[in-house]
Amino acid sequence: MVVAHLIMATNYTPISTPDALSYGGDRWFCFSPTLLREVAFSNQLKTDRWATLEWSPCNTFCEQPAKAEAWIEGANAKASIHFWARMSDESEFFERVLYDDRPLLIGRTCLGQLG
């Protein structure tokens, strides 16, 4: 698993509807005790990451909080950010969670283009 962290502070709400998450594949619906609402994920990897956030010292989080776009080596790269979290120490981060064989399409160059 590859996890990319981006630092940026605010509160978020999910930008994707549950139907748009799956791209024809699996959909996972869970109840979040932290958020007191239903959350939806497009694969087992994101569901596993959600479970670790639920049991970590996390005050709040958001699934699918933003999309990012950047020009990398002459190509326009677009990616969904999978999680934003605020931990109990007030640190905040974005994460894009990927299987090891997928390209990492987001990095610090995308910071100014989230939204």
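Readers should treat all values here as calculations from the given coordinates under stated rules, not as data from a laboratory. Note that the structure is a prediction, hence the values are computed from the model and not measured. Heads up, the Cβs are rebuilt from the backbone with ideal geometry, glycines too, and the neighbour counts pull from every protein chain shown.
Observations, loosely collected:
- Selection from segment 32-86 of residues that are under 14 Å from LEU98 (Cβ atoms) and of a type in the set (A, V, I, L, M, F, W, C): PHE41, LEU45, ALA68, ALA77, ALA79, ILE81, PHE83
- Inside segment 45-83, residues that are touching a residue at least 24 places away in the same chain (Cβ under 8 Å), over 19 Å from ASP26 (Cβ atoms) and either touching a His at 6+ places or on another chain (Cβ under 7 Å) or of a type outside the set (A, V, I, L, M) (or both) make up a count of 11.
- Selection count, segment 44-83, where residues are over 19 Å from TYR12 (Cα atoms) and in contact with a helix residue (DSSP H, G or I) (Cβ under 9 Å, 6 or more places away or on another chain): 4
- Selection from segment 87-96 of residues that are without any contact (Cβ under 8 Å) to a residue 40 or more places away in the chain and touching a Ser or Thr at 6+ places or on another chain (Cβ under 8 Å): MET87
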